[in-house]
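Worksheet: the structure to be examined is printed underneath.
The values are calculated or read from the model by the stated rules, or taken from the named source; none is laboratory data. Remember, it's a predicted structure, so these values are computed and weren't measured experimentally. Here the Cβ is made from the backbone with ideal geometry for all residues, glycine too, and neighbour counts use every protein chain on show.
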């Protein structure tokens with residue numbers, strides 16, 4: 001089983017050299033010719049019209065100077081430790097900055113909850129008896145080894161297979177719906193199918209709700225990775241790693257929820273998963289940020305802040321907010337339009353005596369690569 005599961009990883013290593021380097025990474029490093037070549041290669045492969053002009057270098061903070069040549073091993077290790085510390089602090093400052101703090105708080109909860117439900121249901125299947133009156137016991141006649149009834153093994157196998165249609169469901173939802181709905185719909189469905197379990201169904205009747213719940217939670221857990229699009233590119237990788245780490249904590253806590261059926265109410269785990277499924281779905285739907293599907297993705301935290309200022313100004317001018325449904329389902333002005341308008345608005349305010357003109361000009365420079373990459377991919381940057 002371990003060998004078979006390692007085959008995809010080996011294939012990935014063999015195919016990795018054929019994956020093009022990120023054009024943004026090359027532009028940040030000043031390798032604009034290579035970045036331009038990658039974009040045009042993608043354009044040719046996608047059979048799209050090449051974007052006009054050429055890519056420009058992106059402004060980035062100055063890198064920490066490397067240790068001097070011939071430095072002692074201890075000095076090199078200390079430099080690496082400081083670099084790692086500074087990188088960690090810089091990433092955390094970005095995630096906890098004013099424009100991104102609400103997003104980070106919501107997504108940490110969403111990631112932890114979805115992992116808690118996903119792993120908790122996996123643990124729960126191993127604790128349930130699919131045969132009425134059956135039990136999993138250590139049999140002294142076979143050296144004290146655990147004896148699992150055939151009915152339980154069959155039930156575990158059937159419910160584990162639910163992840164195959166769950167993956168197909170996640171692909172379908174992402175294609176048809178906004179990111180939020182693609183996550184919230186299966187999480188809400190989990191709560192619905194857990195009701196029979198909390199009502200006390202037993203025996204073979206357990207298979208259907210467990211199968212459906214594992215299918216829905218796998219679909220939601222696959223979609224939750226797309227929430228990284230809500231972060232600007234400069235902190236997106238760090239944010240993805242941070243939220244994924246938080247999800248592992250949620251997964252570890254799931255074993256305690258399942259253990260609750262032995263010390264309290266027998267359906268305590270199902271009740272916990274029921275509540276977390278609904279809460280995480282509601283939290284993501286209520287996040288005060290437009291859906292990222294089909295939109296230009298912000299490049300820096302400053303871009304997000306400028307976009308928020310523009311949307312607040314528009315809301316005040318219109319006499320109200322943009323509304324829950326427009327944010328959740330992606331209606332209204334696109335993020336692309338907001339960002340372009342933010343550049344114009346920032347420059348206009350700067351011309352009037354404000355201090356935003358420089359930020360507007362930087363946004364123009366940063367957006368050159370985004371616009372070219374967006375057109376190169378056929379207008380589906382976040383698809």
**Study point:** Sole exception among (1) assigned to a loop (DSSP other than H, G, I, E, B); (2) under 30 Å from residue 212 (Cβ atoms); (3) free of Cβ contacts under 8 Å to residues at least 60 places away in the same chain for residue 130, by number
**Key:** (3)
Practice item. Could you list, in sequence order, all residues of the range 22-49 that are in a loop (DSSP other than H, G, I, E, B) and surrounded by 13 or more Cβ atoms within 10 Å (Cβ to Cβ)? Key: 22, 29, 31, 48
Study note, to complete from the structure: The one condition residue 166 fails out of (1) in a helix (DSSP H, G or I); (2) at pLDDT below 90; (3) in contact with a helix residue (DSSP H, G or I) (Cβ under 6 Å, 6 or more places away or on another chain) is (2)
**Study point:** Pair list, Cβ < 6 Å and 6+ apart or interchain, from the range 148-160 residues that are closer than 11 Å to residue 210 by Cα to residues that are in a loop (DSSP other than H, G, I, E, B)
**Key:** 155/130
Point to revise | Breaking point among (1) in a helix (DSSP H, G or I); (2) more than 29 Å from the chain's Cα centre (by Cα), for residue 201 | key: (1)
**Study point:** Subset of the range 73-96 [more than 30 Å from residue 304 (Cβ to Cβ) and surrounded by 10 or more Cβ atoms within 10 Å (Cβ to Cβ)]
**Key:** 75, 76, 77, 78, 79, 80, 81
Revision key, fill the gap. Conditions (1) loosely packed, with under 11 Cβ neighbours inside 10 Å; (2) at pLDDT 90 or above; (3) under 19 Å from residue 231 (Cβ atoms) -> residue 114 fails only (1)
Exercise for review: Return a yes/no flag: does the range 51-62 have any residue that is in contact (Cβ under 8 Å) with a residue 12 or more places away in the chain and assigned to a helix (DSSP H, G or I).
Suggested key: no
**Study point:** Among (1) in contact with a helix residue (DSSP H, G or I) (Cβ under 6 Å, 6 or more places away or on another chain); (2) farther than 30 Å from residue 203 by Cβ, the one test that residue 124 misses
**Key:** (2)
